[in-house]
Amino acid sequence: MQLKSCPLLSAILLILVASFHYQALAISPSVIVGNWQPIPNVNVLKVLEIARFAVSEHNKKANAQLEFVKVVKGETQVVEGTNYRLVIIANDKAAGNAPGNYEAVVWDMPWKHFRELSSFVKV
C-alpha cells in the first residue's frame, strides 16, 4: 500500500512542532507562520547555540577570526523549520579584538539534523 501526501496532516504537524518549539523558547503562542516574532529571552541555551554556530560558520566561510560575545536581540520565523535572525556582538581577533555588531540569519530544522547559515553581515 502506497501512502499519499496529506497537506492537512502536514499543516497540523507543522503547527504542533512550531507550538512545542515556541513554548520551549517562551515565545507567545499566537505565532503566525511566516511572520518574524521577537525572542523575549535571547539568553536561552538554544539561541546561544544558534548564535555560536553562526559565528563559527562565518569564520569558516570568510576565513575570519570573530569570537562570539553575546546576543543583543533576536527574532524567529516559522518556515519549514525555523529561521533565527540574531544581532550578535563578536570581537574581531584580526582587528585587535575590536567588537562589532553582526546580523546573522540561521535556518534550523532539528528533526532533520540540519542547520545552515543563510547570511552574516556587519551592522
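Inspection of segment 69-85 finds a residue satisfying the criterion of being under 11 Å from the mean Cα position of the chain (by Cα), at pLDDT 95 or above and open to solvent by 50 Å² or more (accessible area, probe 1.4 Å). Look at segment 67-84: where a residue is basic (Lys, Arg) and a partner is open to solvent by 10 Å² or more (accessible area, probe 1.4 Å), sitting 6+ places away or on another chain with Cβ atoms under 7 Å, you get 70/89; 73/42; 73/87.
Candidates are the residues of segment 38-55 that are in contact with a strand residue (DSSP E or B) (Cβ under 8 Å, 6 or more places away or on another chain) and either among the acidic types (Asp, Glu) or in a helix (DSSP H, G or I) (or both); the one that is nearest to residue 75 (Cα to Cα) is 47. Residue by residue through segment 100-115, note down the ones that are over 14 Å from residue 64 (Cβ atoms) and touching a residue at least 12 places away in the same chain (Cβ under 8 Å). Matches in segment 100-115: 101, 103, 105, 106, 107, 108, 109, 110, 111, 112, 114, 115. Could you please give the count of residues in segment 34-67 that are open to solvent by 40 Å² or more (accessible area, probe 1.4 Å) and touching a Lys or Arg at 6+ places or on another chain (Cβ under 7 Å)? Total satisfying the criteria: 4.
What's the total number of residues in segment 61-70 that are in a helix (DSSP H, G or I) and within 15 Å of residue 90 (Cα to Cα)?
Count: 1.
As a summary of the residue check, residue 31 satisfies the conditions (1) in a helix (DSSP H, G or I); (2) at pLDDT below 95; (3) crowded, with 17+ Cβ neighbours inside 10 Å except for the one numbered (1). Selection of segment 92-116 for residues being surrounded by 16 or more Cβ atoms within 10 Å (Cβ to Cβ) and of a type outside the set (Phe, Trp, Tyr) yields 92, 103, 104, 105, 106, 108, 115. Of the residues making up segment 61-97, those that are touching a helix residue (DSSP H, G or I) at 6+ places or on another chain (Cβ under 7 Å) and among the polar types (S, T, N, Q) are 65, 82.
The values are calculated or read from the model by the stated rules, or taken from the named source; none is laboratory data. This is a predicted model, so every value here is computed, not measured. Here Cβ is always computed from backbone atoms with ideal geometry, including for glycine, and neighbour counts include all displayed protein chains. These accessible areas exclude ligands, DNA and RNA; they are computed on the full protein's heavy atoms, side chains included. Shrake-Rupley method; radii C 1.70, N 1.55, O 1.52, S 1.80 Å.
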